[in-house]
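The values are calculated or read from the model by the stated rules, or taken from the named source; none is laboratory data. What you are looking at is a predicted structure, and each value in this text was computed from that prediction instead of being measured. No Cβ is skipped: glycine too gets one built from the backbone with ideal geometry, and neighbour counts run over all protein chains shown. Side chains included, ligands, DNA and RNA excluded: accessible areas come from the protein's heavy atoms. Shrake-Rupley method; radii C 1.70, N 1.55, O 1.52, S 1.80 Å.
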Amino acid sequence: KIIPQIQYASDLAADASGHIAAVTSSGDLFLMQGEKITDQINSLDGNVYHTSCFFDHTGNLYVGTDQSEVKVYSVVDDMLKLDHVISLKNMSAINRIYETDNQELFFCTENGIAYKKENSEIHYISSGSFNSSIDNMTVDYQGNLWFCSSRLGIMKMCPSAFSELYPEVGLSEN
């Protein structure tokens, strides 16, 4: 069945309770239960252009924006309730939000990559010159991180077999 009220959908996400979130190319955000639209946030209402959406393992909806922010919503009675906002300083347009099996959230943006472990601060990944139009990512069976950019191609990041000695023993690196 076609949902005629939602045109030009650019991103979709589903939770374990049957909710579907959709972001359109005009920046609008929709929440559906089955085929029924239960909530909608227009980009003009809050002067925010929504760019991506993702439900995490707890059912929270993460919505990327073009303003260096990720809005985190809970779904209460089939309506969106804003819980908090994650600020991604110096990052623009969140293209994709990805959760690993370890519940780490990765943010692929127009100008770089960041991640957040559960209940921690944001960490920014220094990826050298691979820092433009990061559109998506995945993790392979060996734990390697793969990122794609519509301008730069593909980058693979491998976990290191080495550990940082100074932090492990409580010493400052300075």
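Given R₀ = 30 Å, what would the calculated FRET efficiency be for A16 paired with D45, taking r from the Cβ atoms and rounding to 0.05?
With R0 = 30 Å, the Cβ-Cβ based efficiency is 0.60.
Considering only protein heavy atoms, what per residue accessible area in square angstrom results for region 28-74 with a 1.4 angstrom probe?
Solvent-accessible surface per residue comes out at 42 Å².
Quick one: how many Å² of D15 are accessible to a 1.4 Å probe, rounded to 10?
Result for D15: roughly 30 Å² accessible.
Just need the relative contact order of the chain here, percent rounded to a whole number, with Cα pairs under 8 Å and 6+ apart. Present the calculation step by step, with values, prior to reporting the outcome.
On the way: 379 pairs, mean separation 18.2, N = 174.
10 percent.
Ignoring any ligand, DNA or RNA, what whole percent of the accessible area of the chain comes from carbon and sulfur when the probe is 1.4 angstrom?
49 percent
Distance cut-off 19 Å, Cα to Cα: go down the list K89/K117; K36/K71; K89/K156 and report the pairs above it.
Pairs exceeding 19 Å: K36/K71; K89/K156.
Are there any chymotrypsin sites (Phe, Trp or Tyr not before Pro) in region 108-153 that are in a DSSP loop and have at most 16 other Cβ atoms within 10 Å? List them by number.
Those that pass, being in a loop and sparsely packed, are Y141.
What distance in nm lies between label points placed 7 Å from Cα along the C-beta direction at D66 and D101?
3.8 nm
For region 27-56 and region 94-148, what is the separation of their Cα centres, given in Å?
23 Å
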